[in-house]
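One structure is given here, and the rest of the page talks about it.
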Amino acid sequence: MQRSVKQRQTTSVKQRQTTKRKRGKRRDPRTKTFGFTSRQLPFIAVLLGNWLFAAAFFAIGKHVWDWTPEAWGIADRLALVIKDSVFALVPGVIGICIVAAQRLNPNMWVGRVAKPNSSLDINTRFILNTFEQFTAFFIANAGLAIYCPLEQARTLPILTTLFVMGRVLFWIGYHKNPYLRAFGFGLTFYPTVAAFAWLMVRMIFGIHVPL
């Protein structure tokens, strides 16, 4: 009996030591690789994937879709910008309709404030972010319409498609997955940044980079 008890004690001690060793092998989340922690690295990977996807989508769209408007005067450019803006705001308008219905549900409220992290709260934040992003997108799109020649006019609808796709993924990710949310945000934001960079080069230095 004494031997069996001692054996059990020895076994339990070894198991504890082994467990401690295994725990010791875990990577400290504060440990940095290239200046980023282990928690930040997945989002950096999403960011890089976002840039690659946006660039590939734009290049394939330009190669496959051979479209040019019949005319490219001032009125035609303005009309294309307005049409693109209508499509770009579709996710935001749908979000407003959903929020309007959710506001009728008393379970979504804490006093006069939307319940934190409820679907009403998330959808409201999505709408605000969408209109913030749309402001920059609209100005960039209008600038491109001014400076793009006729053969590069399809750049505007392709960027609009990326914007809408990014908004939808951002919205779904806001409810389901933070990585999808980050991917959708980047798909909306970074093409707009690239458009602003292109416009700065064109307006300040007079250099026209083919799109």
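Throughout, read-outs are computed from the coordinates displayed, never taken from laboratory work. What you see is a predicted model; the values in this text were computed from it and never measured. In this analysis, Cβ positions are derived from the backbone assuming ideal geometry, glycine residues included, and neighbour counts consider all displayed protein chains.
A few points about this structure:
- Student exercise, the stretch 38-205 dipole from Lys, Arg, Asp, Glu Cβ charges, in Debye to nearest 20: 640
- Note on the stretch 38-205: dipole from Cβ charges, positive end direction compared against 140, 106, 174; the farthest Cα belongs to 106.
- Computed E for residue 135/residue 37 - FRET, C-beta separation, R0 30 angstrom, nearest 0.05: 0.35
- Scanning residues 5 or more positions from residue 103 or on other chains, none has an amide H under 5 Å from its amide H, with H placed 1.01 Å from N in the peptide plane.
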